[in-house]
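**Student:** Once you've had a glance at the structure underneath, I'll fire off some questions.
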Amino acid sequence: MNLLSVSVKRGRRAFAQGRSERGEGKLKAVIYAAIIVLVIYAGVKLVPPYISDYQLSDKMQEQARYAVVNRYTEEQIRDNIFKVVQDLDIPAKREDIKVLASNAVVKISLSYTVPVDLLFYHQDLNFSPSSENKALF
């Protein structure tokens with residue numbers, strides 16, 4: 001009987017130790033899952049402004065090329081760029097778009113700031129896309 005009670009006590013102790021180790025594993029899993037969710041959330045908030053900036057830069061280069069060839073005025077160029085800015089939901093004003101257009105060169109530049117609010121941190125992303133194109137002759 002004494003041997004049986006010792007065996008039962010050892011079994012209970014082993015069972016209790018296994019249970020506490022499994023609890024630690026669950027805690028680690030919860031912590032890792034929370035970190036992964038926070039990284040994904042930050043990525044969802046931070047990546048779109050960079051994509052919009054890239055698309056705006058691409059459109060600005062395209063407009064500079066077409067403006068030299070088609071002899072667009074500064075106002076036509078500014079209007080075209082502002083339409084793109086509105087389509088991309090970029091927080092910039094029409095008067096922030098700087099355009100210099102002549103027969104030989106077209107320069108377009110814009111500076112703007114995108115506020116990004118994360119759960120625990122506020123970040124202002126500053127962008128300054130610009131483009132320049134010269135005539136071939």
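**Student:** Taking the condition of being surrounded by fewer than 18 Cβ atoms within 10 Å (Cβ to Cβ), in a strand (DSSP E or B) and not charged (D, E, K, R), how many residues in segment 78-125 meet it?
**Tutor:** Looking only at that region, the number is 9.
**Student:** Cβ-Cβ distance below 6 Å, separation of 6 or more or different chains: which pairs start in segment 78-95 with a residue that is of a type in the set (D, E, K, R) and end on one that is part of a helix (DSSP H, G or I)?
**Tutor:** Final answer for the pair search is Arg94/Phe82.
**Student:** Just for segment 27-49: of the residues that are in contact (Cβ under 8 Å) with a residue 24 or more places away in the chain and not aliphatic (A, V, I, L, M), which one is farthest from Pro115 (Cα to Cα)?
**Tutor:** Ranking the candidates gives Tyr41 first.
**Student:** Condition check: at pLDDT below 90 and assigned to a helix (DSSP H, G or I). Does Arg12 satisfy that?
**Tutor:** Yes.
**Student:** Right, next: Those residues that are outside any helix (DSSP H, G or I) and open to solvent by less than 80 Å² (accessible area, probe 1.4 Å), I need them from segment 47-75; list them, please.
**Tutor:** Once the filter is applied, which keeps residues that are outside any helix (DSSP H, G or I) and open to solvent by less than 80 Å² (accessible area, probe 1.4 Å), segment 47-75 yields Tyr72, Thr73.
The values are calculated or read from the model by the stated rules, or taken from the named source; none is laboratory data. Worth saying up front: this structure is predicted, and the values here are computed from it rather than measured. Neighbour counts are summed over all protein chains in view; Cβ atoms, including those assigned to glycine, are modelled from backbone coordinates with ideal geometry. Quick note on the areas: whole protein, heavy atoms, side chains included, nothing else; ligands and nucleic acids left out. Shrake-Rupley method; radii C 1.70, N 1.55, O 1.52, S 1.80 Å.
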